[in-house]
Every structure is written in structure tokens, then in C-alpha cells.
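K.L.:
One structure is given below, represented as C-alpha cells, and several questions about it will come after.
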Amino acid sequence: MKNNTLGRAFLFLVIAGAIGYGLGLGIDFAIRGGLKFTASVPSAFALLFGFTAFFFGLYGYRGITRGLVFQVVGTIIGAALVTGIRALLKREIISPFLFTEPAWVFGALVGVVSFFFGVGVMTDWVKWARGIDTPDHHEDEPGWQKYFGVSLDHKVIGIQYTVTALFLLAVGGTFALIFRTELAASGLDFLTLDLDVFNQNGPQLYNTLMSLHGMIMIVSILLGISGIMNYVVPLLVGAHDMAFPRMNAFAFWVAVPASVLLLLALLLGGFDTGWTGYPPLSSRAPLGVQMFFLGVFTAGWSSILGALNVIATVVRMRAKGMTAMRMPILVWASVATSIIALTATQLIGLSFQLVMFQRLFGMGFFDPSKGGNPVLFQHLFWFYSHPAVYVFVLPGLGVISELLPVFVRKPLFGYRWVAMSSLGIALVGFVVWAHHMFTSGMNEYLRVPFMYSTMLVAVPTGVKFFSWVATMWGGKIETPTPMLFVLGSIVVFLLGGVTGPPNAMVALDLHLHDTYWVVGHFHDTIFGGFVFPFFAAIYYWFPKATGRKMNEFWGKVHFWLMTPSFFALTLGMMFIGLRGMRRRIVDYDPTLGFDGAHLFLTVCAFLIAISILIFFINFFRSIKHGEPATGNAWNSRSPEWQVPSPMPAHNYEVPFEVVGEPYDYGLPGSKFVEFAAKKAGTH
Amino acid sequence: MSNKQQHPNLLSQGVFIFVYLAVLTALEFFVAVTFNSVAILVAVAVVKGALVLWYYMHVNKLSEGDESSHESYAYKSGTNRLGLWLFLVSDSFVFGGLMVMRLSLLGMTRPDLSQTLGFFVTAVLLISSFFMNRGEVELHNGNRQGFLRNTMITFVLGLFFLLGVIIVEWHAVPAIAEPILHLFGEPEGKPLLTASSGPAGAAFFMMTGMHAFHVLTGLILLVIVWINGKKGLYDEKQYPVEAAAVYWHFIDLVWIFFYPALYLIGTAV
Ligand code: HEM
Ligand SMILES: [Cu+2]
């Protein structure tokens, strides 16, 4: 990527952002009859215009740029349509956010669908529907350009996912830094009551940032695991691509308009519900909550279709000889994750959809005054959102099992048990959801069964830990950066793991619920189960994708800065949580004596942010300047490392056959795969 | 295409299954209006569902397939088939969730709607499924005209169902809805069930709405396979027709459970 291209893109961003801002300001002036520089409409226009122009500068009017243009135009047309109908019905047609809520919702929906047509993921399907055949593969453009348009290559899509996930991680992280700064001392410091940004006062903005931090991070995780699975699973099973390449591309591109909607939620009034969106709060929250619901709903489809593809790929496209019990653990983990994502995701979509309809049409699903039941929402919501935490961590735990034997040069201990434990966690994970509702006023008799089912999850999880420890035992441990992150994952996830059972005990949870203890707990699980393994995976497979290694020194700096700060952060969170710090509040009583602790936590948060900044710089620099690594960079047995890096477009030029166990490191003469051509040579 | 000899049987098998389903649907209606045993209604729905799954959606085809070459049309169709079924599994969680919502909000009560009208629209959908099955088998037999004719009938019946639900049951066009509702024994001046009138209305509109959305997408698929079928695109490569048929039967399958949930079990409120 030439520097002047990037410079032009940023220039376009600024110019178009300014134009959009000015336009929005004018519209806002017309609506409210006064100038307000921090109002919603100008900011929303600035975001949409700027974003689109950025990609225009980078890539021209095609691919993602065209998609975004279509999305913006589609949104406006859809909203104008509803506004027109409302005008005919003599309903109000204008709001402080320009359009009324129904107009925004319908417009956003039309916008998302328009995006698909604009970006071009529908082209082949439309042709098929018209009876026109298309070639199986499309040639990709060379170089970086292919990442900004529709590609059917799973490796390109995997990288698209990963980079989008990193982008959202940065956005969500920035939100966290903002609200963490507000918490550094008691009293309202800069998110004050007289602040008025995006139609929100300071505390309301805190709520919005906190809620969006949660959901944007979750979407980031979903995209991150899709990135790993997309890139690695077909390589591990020896397929030339995913089972449904077009649906694969579709699943990725769904996530882009979804991310736009999530960002719009911040600008269009925000919302104060947390990522959980419980009614009755969410049925009264500002317009932003609708954009949030739609964004999550859309992103959910990415997850569902991606999962479908992974399962079909693993079932139908494995190399010869790869029986179930010879599949790499990461493949098992991906299947387990996908089973959850395929099915349960529908329930969060449904629960949010029901609240949307409650707001739009007055249907009283969760409104007691209309015979509805708010606790029902929580059941539907957590039926997804608990299993979802396993969606987040299972691929990460798979990465740990996958990488550990490589770096200790020993076979994985208890392969069968580890393979089965992923499925076990996934299945048990379906019947524990109500442990989030011990204080919600659900039926009392449900408490104890859900307590026990929750404790049961510890069993298959424990199996994994035993295996990891036993694998390391007596091994020749090497610690390049990926291995450091693997070790970090294990320890951090252990901390997350042991702080879970206390929450599952009803008697304890009545006190722990909604405190910072819980915040500390789930950050440990998420970092241990996703963030650390995600970094490990990136450091590990980076050479496969680029032919270069990421810088070791800065990788180690990243690790040694992030890990202690992270421990301090979550342990500190748990510490003040146990002493009564409520979660999801913008301010706290100075007499609680938490000021010092909070300041410390904020410093830790910034240290983590710095470490991740280092990672970003290392990541982008190494693409061009990293140390060349075109061979078997980690001395692995896995098939993808037996061919040169970067991987050719259609993966293995000669197919391989599985002839042994995947993790028999250190056993002389053992082999996992054999390539057809090589076999002929060695005879 | 090795089992060409069996095809006449498949056509008559479709008829038999249809007769079973029709009898069970009538039985269901009879049970509901006489002694309303929920256990029997559930059992009948399960049997009907199993019949549709096995004979109309031929779920057993999932396990068959040509393993010899990953590049053959048969193998790729097998992969597509798996993909479709995975999608349907995912989709059934939406309908399952709606069912949970209905049971939680309404319990053993149901919306106050004309049961005969419900029976009538159900019959229309059931008959459409019968013709869909015929269309698929005809194509398999190499009879393109038969396929087109039956698919067209399926489409018309499906459209009829969709319009029936929206215009009459939802009261979208009162001028048409009033006389028809009257015909089906609804008294004049009965308060309308609306989406915002209470839990029964909310559940009814949400469930029929989600189902109607699927009917709409099914109709679009039918149009596509009809047009392409007319061009002769499916004379050899028949998987798309199978997919459209399975999807259409899935819509029927969902209704097999939604129909008793909305029209039959419990007492009307
Ligand atoms: C610099 C790193 C991070 C910091 C400082 C941080 C801080 C916080 C804090 C303070 C809260 C609680 C807000 C409140 O209850 O008032 C929170 C919530 C949350 N965080 Fe983080 N976080 C970080 C990274 C992450 C990551 C990487 C993820 C996911 C991968 C994540 C997921 C969540 C979720 C799901 C919530 C719950 C939001 C809600 O309750 O609606 N966080 N975070
Ligand atoms: Cu949970």
C-alpha cells in the first residue's frame, strides 16, 4: 500500500467528514432552529460521509466503498419512504434525530440489504437465480487491494475478519479508556450533567460507552474467532476452501454494515441498558437502542452463517485418512463453537427483535401492563448469551491445545478427552443460562438445578487444564512470543475459571451479582479464552499468511506489558467488587474509599492499551519489514506448515493424506500427513 | 438416478402420506373442538411432523451420497443438502423461541379466533405441500411439464395461504376480511385481535408474522425454480428443486406445530 494512497484516503476522510458535518449541521439547524455543534445529526453524517470517503480514497468506487454508499443511500431512501407514509397518515415525521424511530429502523434495514448489493456479495447468487452459471473461483486482485472487495478465498476472508476484529477491538478499547478515565476518581469529572453530546448528558454518555464497549467487544470476538476458523480450519483439514465460499464472503460482509449500525447507536442518542438490553429499560431507552438491536441482529447472521460453513466444511471436505479421532483439536473446538453459534444465536436475535417490535408496534411481550413478562426476555436472551461465552472461548482453548505440543515438543496429553471436552462444554453450556438470573425474580425452584448444571461445566473444562499441564510436564519448553501468549492464556483463564463457581453458588451470587467482582471474572475468562489465544494465533500464523514473522522483541514487550497490567486490573476489579463496588455506574461514593483503587485500575487500563498499540505497530510493520519466514517457522507437524509460506491461492497443490496422529511430537519416525507427490519420492 | 424403477411408487407414496396427514389434521380438529386433550394434540402434531420430515423432506437423504469423488455433482449436492439442513436447524430455534414465548405468555389459553377458518388455511398449506412433493417427483421422473404444473399449483396455494393470513386473519383489508370472517362464523362486532391488544394478540401476530415471512421467501424460491425449470435447467441437475421443496415442506412443518398452538389447545381468551 503506497503511503500517498493512505494519505489521500485520510484527506478524503477529513474533507467528506467536514462536508457531512456541515450538511448535518444545516439539517439540524432546520429541525431545531438553533446551532448545536455536538448534536446527533451532524455527527452521524460526518461519520457516514467520512468513512465512505476514506475507502473511496483508498480503493475507488467499488467493493466496500460501493457497499457503504449503497448503505447510506438505502438508509435514507428507506427512512424517507416511512416518513412519506407517516406524512400521509398525518403522524409526526421529524424528530431531533431527523427521522422518527420507525423511519430509522426501516431505513437501517434497507441500508443493510442495500450494502450487500453494493459491495457485490449477491452478484453470483442473483445470477444463479436467473439461471446463469458462474465460475467456481474468481481470480483475486494482487496485493492488498483484494481485502477491500469481495473475495471468495477463505484465507482472504479470514484476514478480513481478523483485521475488522482488531479494528473493533481498538474502538471498544477506546470507549473503555474514556469511561475508565471518568472512574479514576469519584465525583463527575468530565462526563458531567451539563455535558450535551449526541443528545446525551455525561452520565448517559457513560452508559452508552459502557454498553457499546461490551457489545462492540463481543462482536469483535465473534469476528476474531471467525478469522481464526476461516483461515485455519480449511488448511488443517486439507480443503481447498470452505464448503460454501459465497456464503463465507457473505457472512463476513454482513459484519460491516452491522458495525456501522453499532457506531450509529452511539451517535443517535445512545442507550443505557448495558450490552444485555433488558426491558423495561430497553423499551424506554433512546433511539440508539434500536440501532444497537439491529446491529447485533445483523452481526448475529454473520455468526450463524459462518458456523454453518465451518460445520459443513469439516463434515464434507476433510482430507483422506482424517478420521474424527485424527482431527486437530482446533477443528474439534471449531465444530463445538459452531454448533452453539448456529443454533443459540437465533435466540438473542429473537429476543432483541421482540423488544424492537414492542417499541414499534406496542406489542406487549415484556410489558406487564399488557400481560407481558420481562423475565421471559432474560430467559430468551441468556439462552444465547451464556452459551455465547463458550463460542468466545472454545476456539481460543483449541488454539492453546493446538500450539502447546509444538512448543513443548511432546504429544498432547489425552487427545480423545480433550476432543470430547469441547463438545461436552458446548452441550452442558446449553443448560446453565439461568445462573445469570438468580436475582431476577425467576421461579425459585429453578435456582438449584441451574446451580448444579453450572458447576458441571467445570468438569470438561478441568479436563482441558489437566491435559495442558500434563502436556507441559517434562517437556522441552521453548518460549517464543506465541508460546508466551499460550502460557498467559492458561494462567489467565485459570483465574477466570476459579472465580466462576462462586458466582454459580446461589447463596454467594446474591451478593456478587452486579458487582465489579463479576466484571473482573468475565474479563479474565474473555482474555484467557479469547484475547490471549487470539494474539497467540496471530503471532503463530502470521508467517503463514505473509511469509514473514512478527518482531520477537516487540512481541515480548507486548506480552510482558500486557500480562501484569491485566492481572492487576482484574484482581483489582474483583477486590473492590467484593467490598461493594457496583458495576455499570458512572460514579461512586468517596466514603467507600475506592478512589485509590480506581485510579490504579485506570492506570492499568492505559498500560494495556499501550501494549496493544505496540502490537498494532508491530503487526502492520511486520507485513513488510518482518524477518522472512517462508518455511516451517515453528517446526510444526501440521499440514499447513509442510508447504511454503505464504500459502498459495488454492491451498495445497498436491493433496495430503493423514497417516498418523496429529500431536506425536518427539516420537521418532511418526508422521501426521504425507503429501501425494512426496510419497512417490521417498519410496 | 439409479432407482428409476421406484418412481411410480414415489408418486403414490405422496398420495398415501397426504391422506394420512389429512386424516390426522381432521382428527386434531375434532379432538380440539370436543374434549380438547392437549396430550393428544401434541402427539398428533408430532406424528404429522415426523411424516413430513421423513417422507416429504426425506431427511434420510442426508446420510446417503456418492463418496467417490469430491468434485461430482452428487457429492456437491450432498454438501449443499447438509448446508440447507443446518440452516433449517438454526431456523427452527427461532420458531422454538416463539413457541416458548407463546407458552410462557398464554399458557393453556389461546387467541380467540375462528377455529374453522384456522382449519381451512391449514388445509390449504397442507395441500400445497402435497403438490410440491408431486412436482419434485415428476421432475425426478423426467417429466418437466408435470413438475412445472405442480409447482405452479403449490405457488398458487401458498399465495392463497399468505393472503388469507394477512388480509383476513390480520384484518389488513377489512372490506374483504369482514364477510369472510362472517362466513366462518365470527359474530358481528366482536372486538378485533390486534398486535397491541394484549399477550394473545402479540403472540399471534408475531408467530404468524414470522411464519408468513418464511412463506414469502418460499414463494420467491418457487418462482425462481419454476422459471429456471421452464428453461430446462433442472432436467439433469435437480438439487435446486429439491432444496426449494424441502424448504417449502419446512414451512409446512412449522405450521403443523403453530396451528395447534394458536388455534386448538386450551381455552380461547
Ligand atoms: C483495556 C481493556 C479493557 C478495560 C479497561 C475494560 C474495562 C471494563 C469495565 C470497567 C467494564 C464495566 C463497566 C461497568 O460495569 O460500569 C467493562 C465491561 C465489559 N467488558 Fe471490558 N474492558 C477491557 C477490555 C475488554 C475486552 C477485550 C472485552 C471482550 C473481549 C471486554 C468485554 C466486556 C464486556 C462484555 C463488558 C460488560 C458490558 C456490560 O455490562 O454491558 N472488555 N469493561
Ligand atoms: Cu453464564
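K.L.:
Amide H neighbours of A:Lys320 under 5 Å, at least 5 residues apart or on other chains, H built in the peptide plane: list them.
P.N.:
Amide H neighbours of A:Lys320, under 5 Å, 5+ apart: A:Val658.
K.L.:
For a quick check, take a GNM of chain B with Cα springs below 10 Å and name the residue from B:Ser12, B:Ser129, B:Ser114 with the largest mean-square fluctuation.
P.N.:
B:Ser12
K.L.:
Say each of B:Tyr20 and A:Leu423 gets a label point 7 Å from the Cα, pointing the same way as Cα to Cβ; how far apart are those two points in nm?
P.N.:
3.0
K.L.:
Farthest toward the dipole's positive end in the protein assembly as shown, which of B:Gly83, B:Leu262, A:Thr345, given Cβ charges of +1 (Lys, Arg) and -1 (Asp, Glu) about the Cα centre?
P.N.:
B:Gly83
K.L.:
Around B:Ile127, under 15 Å between beta carbons, what's the net of Lys plus Arg minus Asp minus Glu among the other residues?
P.N.:
+2
K.L.:
Which entries of A:Lys556/A:Lys624; A:Lys146/A:Lys556; A:Lys155/A:Lys624 show an alpha-carbon separation above 29 angstrom in the structure shown?
P.N.:
A:Lys146/A:Lys556
K.L.:
Could you give me the ³J(HN,Hα) list for the stretch A:65-73, computed from phi with Karplus coefficients 6.51, -1.76, 1.60 and θ = phi - 60°, whole Hz, x at Gly and Pro?
P.N.:
Each residue of the stretch A:65-73 in turn: 4, 4, x, 5, 4, 4, 5, 5, 5 Hz.
K.L.:
Within a Cβ distance under 9 Å of B:Leu11, other residues only, what is the Lys/Arg minus Asp/Glu net charge?
P.N.:
Here the count lands on 0.
K.L.:
Would you mind calculating the relative contact order of chain A from Cα pairs under 8 angstrom and at least 6 residues apart, reporting the percent as a whole number?
P.N.:
Once normalised by length, the contact order is 12 percent.
K.L.:
Compute, for the stretch A:1-140, the length of the dipole vector about the Cα centre, with Cβ point charges of +1 (Lys, Arg) and -1 (Asp, Glu) only. Units Debye, rounded to 20.
P.N.:
Its charge dipole is roughly 480 debye.
K.L.:
While we're on this one: Under 5 Å between amide hydrogens, which residues at least 5 positions from A:Asp367 or on another chain qualify, with H placed 1.01 Å from N in the peptide plane?
P.N.:
Amide H to amide H, under 5 Å and 5 or more residues apart or across chains, A:Asp367 pairs with A:Gly372, A:Asn373.
K.L.:
Using label points projected 7 Å from each Cα along Cα→Cβ, tell me how many nm separate A:Asp136 and A:Ala170, to one decimal.
P.N.:
The two pseudo-label positions are separated by 3.8 nm.
K.L.:
I would also like to ask the following. How far apart, in nanometres, would the label points at A:Phe616 and A:Thr5 be if each is projected 7 angstrom from Cα along the Cα-to-Cβ direction?
P.N.:
So the two model labels end up 2.1 nm from each other.
K.L.:
Right, next: In chain B, what is the volume of the convex hull around the alpha carbon atoms, normalised per residue and reported in Å³?
P.N.:
That works out to 126 Å³ per residue.
K.L.:
I would also like to ask the following. Tell me, what HN-Hα J-couplings in whole Hz come from the Karplus equation 6.51 cos²θ - 1.76 cosθ + 1.60 at θ = phi - 60° for each residue of the stretch A:331-346, using x for Gly and Pro?
P.N.:
5, 4, 5, 5, 5, 4, 4, 5, 4, 5, 4, 4, 9, 5, 3, 4
K.L.:
If you don't mind, another one. With a 1.4 Å probe and every protein chain kept in, tell me what percent of the accessible surface of chain A is carbon plus sulfur.
P.N.:
Answer for chain A: carbon and sulfur cover 70 percent of the accessible area.
K.L.:
In the stretch B:6-268, carbon and sulfur make up what percent of the accessible area (probe 1.4 Å)?
P.N.:
Answer for the stretch B:6-268: carbon and sulfur cover 72 percent of the accessible area.
K.L.:
Here's a follow-up. For chain A, the longest stretch holding no trypsin sites (Lys or Arg not before Pro) located in a DSSP loop with at most 12 other Cβ atoms within 10 Å is which?
P.N.:
A:131-475
K.L.:
Another one. How big is the A/B interface in buried accessible area, both sides summed, 1.4 Å probe, to the nearest 100 Å²?
P.N.:
The buried area between A and B, both sides summed, comes to about 2700 Å².
K.L.:
While we're here: Positive end of the dipole of the protein assembly as shown, charges at C-beta (+1 Lys, Arg; -1 Asp, Glu), about the Cα centre: which of A:Phe485, B:Ala203, A:Met420 has its Cα farthest in that direction?
P.N.:
A:Phe485
K.L.:
Take the alpha carbon gyration tensor of the stretch A:146-628, find the square roots of its eigenvalues, order them as a ≥ b ≥ c, and report rounded if a/c is under 1.5; if not, report prolate when a/b exceeds b/c, else oblate.
P.N.:
Rounded shape, in that the Cα axes give a/c under 1.5.
K.L.:
Then there is this: Cα-Cα pairs above 47 Å in the protein assembly as shown: how many percent?
P.N.:
Within the protein assembly as shown, distances greater than 47 Å cover 28 percent of Cα pairs.
K.L.:
Each residue of the stretch B:38-49 in turn: what ³J(HN,Hα) in whole Hz from Karplus with 6.51, -1.76, 1.60 and θ = phi - 60°, glycine and Pro shown as x?
P.N.:
4, 4, 5, 4, 5, 4, 4, 4, 5, 5, 4, x
K.L.:
Given the protein assembly as shown, what percent of its DSSP beta bridges are antiparallel, to the nearest 5?
P.N.:
That works out to approximately 75 percent antiparallel.
K.L.:
Right, another one. Please give the charge dipole size of the stretch B:6-268, origin at the Cα centre, charges +1 on K and R Cβ atoms and -1 on D and E Cβ atoms. Round to the nearest 20 debye.
P.N.:
100
K.L.:
Compute the length gained on full extension between A:Phe606 and A:Thr323: take 0.36 nm times their separation in residues and subtract their Cα-Cα distance, giving the result in nm to one decimal.
P.N.:
97.2 nm
K.L.:
I need the shape label for the stretch A:90-196. Rule: rounded when a/c is under 1.5, else prolate if a/b > b/c, else oblate, with a, b, c from the alpha carbon gyration tensor.
P.N.:
It is oblate, given that a/c is not under 1.5 and a/b is not larger than b/c.
K.L.:
Oh, and also: Does the stretch B:174-269 come out rounded, prolate or oblate by the C-alpha gyration tensor, with a ≥ b ≥ c the root eigenvalues, rounded set by a/c under 1.5 and, if not, prolate when a/b is larger than b/c and oblate if not?
P.N.:
Prolate, since a/c reaches 1.5 and a/b exceeds b/c.
K.L.:
Have a look at the stretch A:471-541 and give its Rg and Dmax from the Cα atoms, expressed in angstrom.
P.N.:
15.1, 46
K.L.:
Can you spot the lysines whose alpha carbon is less than 20 Å from B:Lys48's alpha carbon? Ignore those fewer than 8 places along the same chain.
P.N.:
B:Lys48 reaches B:Lys61.
K.L.:
If R₀ is 41 angstrom, what is the calculated FRET efficiency for the pair A:Val506 and A:Val469, using the beta carbon separation as r and rounding to 0.05?
P.N.:
For A:Val506 and A:Val469, the calculated efficiency is 0.85.
K.L.:
Ok, one more. Please work out the FRET efficiency for the pair A:Ser440 and B:Met108, using the Cβ-Cβ distance as r and a Förster radius of 22 Å; give the result to the nearest 0.05.
P.N.:
After rounding to 0.05, the efficiency reads 0.35.
K.L.:
Skipping prolines and chain starts, which residues have an amide H placed within reach, meaning under 5 Å, of the one on B:Arg110, given they are 5 or more residues away or on another chain?
P.N.:
Amide H neighbours of B:Arg110: B:Thr267, B:Ala268, B:Val269.
K.L.:
Which length gain, in nm to one decimal place, applies between A:Asp189 and A:Phe575 when the Cα-Cα distance is subtracted from 0.36 nm times their residue separation?
P.N.:
Stretched fully, the A:Asp189-A:Phe575 segment lengthens by 136.6 nm.
The values are calculated or read from the model by the stated rules, or taken from the named source; none is laboratory data. Just so it is clear, the model here is predicted, and its values are computed rather than measured. Backbone-built Cβ (ideal geometry, glycine too); neighbour counts: all protein chains shown. What goes into the accessible areas is simple: the full protein's heavy atoms, side chains included, and nothing from ligands, DNA or RNA. Shrake-Rupley method; radii C 1.70, N 1.55, O 1.52, S 1.80 Å.
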